[in-house]
Amino acid sequence: MPTARRPDDGTAGYALLETMIAIVIFALAAALVVPPAQALVASARLERTTSAVVSLLRADRNAALRSGRLVATTVDTAGLFVHSSANGIVVPIPSGVLVDVQAQSSGVVFYPDGRSSGGWFRLAQAQSLNVITIDPATSAVRLSAPGTGSSQ
């Protein structure tokens, strides 16, 4: 049975030049997409960490009210984690997220009568900033993102 033979004139298949052009186009497209994707990942990391810290603070407030004992939520001095004295829960602070605390002894103490030592936690990454405030009179934990005017 006869077989078809391709011509050897260089017109069949892809040339090296065509393949290189395709690779360059792909690399340029990836260079345009990757930085915004990294910013989205960083923003999601900050939001996830902020949400976990807010939840921990609110749980500690409730634990103080329920147990009738003082409960402290502290940030370690290097800013690597936030710790609850009520249940031992630890919220790790991912690399790249900066934590600044203005509170008594690098943390907040919740009292059984509903008050607290008050203060604020600021969590920042890149150009994003979230501020968690703890009201000393009511122990209310509020989250706000400066510049957006939002508050929870």
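The values are calculated or read from the model by the stated rules, or taken from the named source; none is laboratory data. Just so it is clear, the structure is predicted and the values come from calculations on it, not from any experiment. Calculation scope for accessible area: heavy atoms of the full protein, side chains included, ligands and nucleic acids excluded. Shrake-Rupley method; radii C 1.70, N 1.55, O 1.52, S 1.80 Å.
How many residues are closer than 13 Å to Arg58 by Cα and β-branched (Val, Ile, Thr) if we restrict to segment 83-120?
The number of residues fulfilling the criteria is 3.
Where in segment 54-152 are there strands (runs of 3 or more DSSP E), lying wholly inside it, with at least 2 residues that are open to solvent by less than 40 Å² (accessible area, probe 1.4 Å) and modelled with pLDDT of 90 or more? Steps first, answer last, please.
Numbers: elements: 71-75, 81-84, 90-92, 98-103, 107-110, 119-125, 128-134, 141-145.
Ranges flagged: 71-75, 81-84, 107-110, 119-125, 128-134, 141-145.
For segment 1-51, name all the residues that are among the polar types (S, T, N, Q) and either at pLDDT 65 or above or assigned to a helix (DSSP H, G or I) (or both).
Going through segment 1-51, the residues among the polar types (S, T, N, Q) turn out to be 3, 11, 19, 38, 43, 49-51.
Answer for segment 1-51, where residues must be among the polar types (S, T, N, Q) and either at pLDDT 65 or above or assigned to a helix (DSSP H, G or I) (or both): Thr3, Thr19, Gln38, Ser43, Thr49, Thr50, Ser51.
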